[in-house]
Amino acid sequence: MVLKSNYTGSTERVTSGSNPSETINDIGSNKALGLQKAQTYSLGLSKQDLMVEKVEAISSWTNQKADSGHESLVSRKQHAESQVDIFDGDTPKILVVDDHAASRMTSVALLAMEGYEIIEADSGFSAIELIAHSSPDLILLDVMMPEMDGFEVCQRIKQNEQTRLIPVIFITALNDRHSRIRGIEVGADDFLTKPFDRLELAARVKSLVRQKRLNEDLDHAEKVLFSIARAIESRDPNTGDHCERLIQLGKAFGEYLKLSRNEIRDLMWGGNLHDIGKVGIPDAILLKQGKLTDEEWKTMRLHVLIGEQICQPLRSTRGVIPIIRHHHERWDGSGYPDGLKGDEIPKLAQIFQIIDIYDALTSERPYKKAYTSEEALSTMEEETKRGWRNPELMKKFADFIRSWQSNPEIKSN
């Protein structure tokens, strides 16, 4: 069924649900009662903000829904004149989830007056379905709902890679401490209590929508970088799954060293991004089978600087940049690009370099066979004696590899 709203002027589609007649009892079938209810749920509004004609329209709109029979609204989009900044012309989309029609309509009315596009769901199952194909910018979620409550809805949202960045605001009672704690555990981003204050609702929604879009921009930029890195790897068929192996080995060795969560993440990202600067190296040099000339070698060394420049603008890659720039430094200062010595070399760059060399030695290349684990460790220990590696770190790595190789459970985690 398609209805025309007096309030928004937009087309609404009734898709499923139960009896909405409770709306009449809660909001009222006449304009005076509708005005009274709207004022009750809009604490802090000035008489200029809550315009009588809009409240009258809400009441008329409510009556239309009551006359629609035994179908309740699950998905309805609304547009109103913008009362706030609409984010560079791209109207944010808000999903309001509440099985109680009166409470849902209060949220809808206040948000629509702020200029947001509104989608509604009257159950957790309907919400999950709508999220999948509507991609809302924020979800206003009631806690207590039958069959699937707000906690389960939020948990599903936050565990899904495609929806985890959508902010969720839980609607709770004023002193519902248990719901707030449980909400934090399942990943809620904020909480609001009933009755709503319009200014607080608008401020919280606007802030979280802005944060969500910033996070999406960062997420998109990171995916672009990883795609570039994978494309570079695919240009050289000799390296195989080098990046993926570095990610797994970096995670395992980082955990062995008891590094922090962020340091382990940076090591893993380093597996993808350490050679991203090779995108700026000509194929004639990058893919050359024979020995590089001195001039070609100078060009090849530039890849660490190019990689640093590519990743520098992203704050999320700051921890990876030392790995990108310095993973070819040597303990005695004979490496590049800066000739750093000893602990002048960033810790994660030292760790990553050892992982990188080990994987290169144990992988088959056109110019060499794959070394066994012990052959690779022996070669690296010889290089450590020549001053190329951190002796203490090299010993820890050798101990780790031997225990890692002998324990299948460690390798599979």
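The values are calculated or read from the model by the stated rules, or taken from the named source; none is laboratory data. On a predicted model such as this, the values are computed, not experimentally measured, just so you know. Cβ: placed from backbone, ideal geometry, glycine included. Neighbour counts: every protein chain shown.
Looking only at helices (runs of 4 or more DSSP H) that fall completely inside region 104-221, which ones have 1 or more residues that are within 17 Å of the chain's Cα centre (by Cα) and of a type in the set (Lys, Arg)?
Once the helices (runs of 4 or more DSSP H) in region 104-221 are filtered for at least 1 residues that are within 17 Å of the chain's Cα centre (by Cα) and of a type in the set (Lys, Arg), what remains is 150-159.
Among (1) touching a helix residue (DSSP H, G or I) at 6+ places or on another chain (Cβ under 7 Å); (2) in contact (Cβ under 8 Å) with a residue 12 or more places away in the chain; (3) under 17 Å from Lys223 (Cα atoms), there is one condition Arg315 misses while meeting the rest; what is its number?
(1)
Restricted to region 98-145, and to residues that are closer than 24 Å to Asn215 by Cα and β-branched (Val, Ile, Thr), which residue is surrounded by the fewest Cβ atoms within 10 Å (Cβ to Cβ)?
This residue is Ile128.
So which residues in region 225-279 are at pLDDT below 90, crowded, with 19+ Cβ neighbours inside 10 Å and among the small types (Gly, Ala, Ser), if there are any at all?
Across region 225-279, the qualifying residue is only Ala229.
So, Trp297, is that one under 19 Å from Cys243 (Cα atoms) and either part of a helix (DSSP H, G or I) or touching a Lys or Arg at 6+ places or on another chain (Cβ under 8 Å) (or both) or not?
When the stated conditions are applied, Trp297 does not pass them.
Name the residues in region 341-364 that are crowded, with 19+ Cβ neighbours inside 10 Å and closer than 16 Å to Arg325 by Cβ, would you?
Matches in region 341-364: Ile345, Leu348, Ala349, Gln350, Ile351, Phe352, Gln353, Asp356.
For region 129-162, how many residues are of a type in the set (Asp, Glu) and modelled with pLDDT under 85?
Summing the residues that are of a type in the set (Asp, Glu) and modelled with pLDDT under 85 in region 129-162 gives 1.
Taking region 365-392 only, how many residues are surrounded by 14 or more Cβ atoms within 10 Å (Cβ to Cβ) and either under 28 Å from Leu287 (Cα atoms) or aromatic (Phe, Trp, Tyr) (or both)?
9
Could you tell me whether Leu165 is over 28 Å from Gln312 (Cβ atoms) and modelled with pLDDT of 80 or more?
Spelling it out, it is not the case that Leu165 is over 28 Å from Gln312 (Cβ atoms) and modelled with pLDDT of 80 or more.
Which of the residues belonging to region 190-224 are crowded, with 17+ Cβ neighbours inside 10 Å and either modelled with pLDDT under 80 or of a type in the set (Ser, Thr, Tyr) (or both)?
Phe196, Glu222
Which residue, of Ser227, Ser179, is out of contact with any strand residue (DSSP E or B) (no Cβ under 6 Å at 6 or more places or on another chain) and either without any contact (Cβ under 8 Å) to a residue 60 or more places away in the chain or not basic (Lys, Arg) (or both)?
Ser227
Filter region 305-363 down to the residues that are β-branched (Val, Ile, Thr) and outside any helix (DSSP H, G or I) and list them by number.
Correct list: Val320, Ile345, Thr362.
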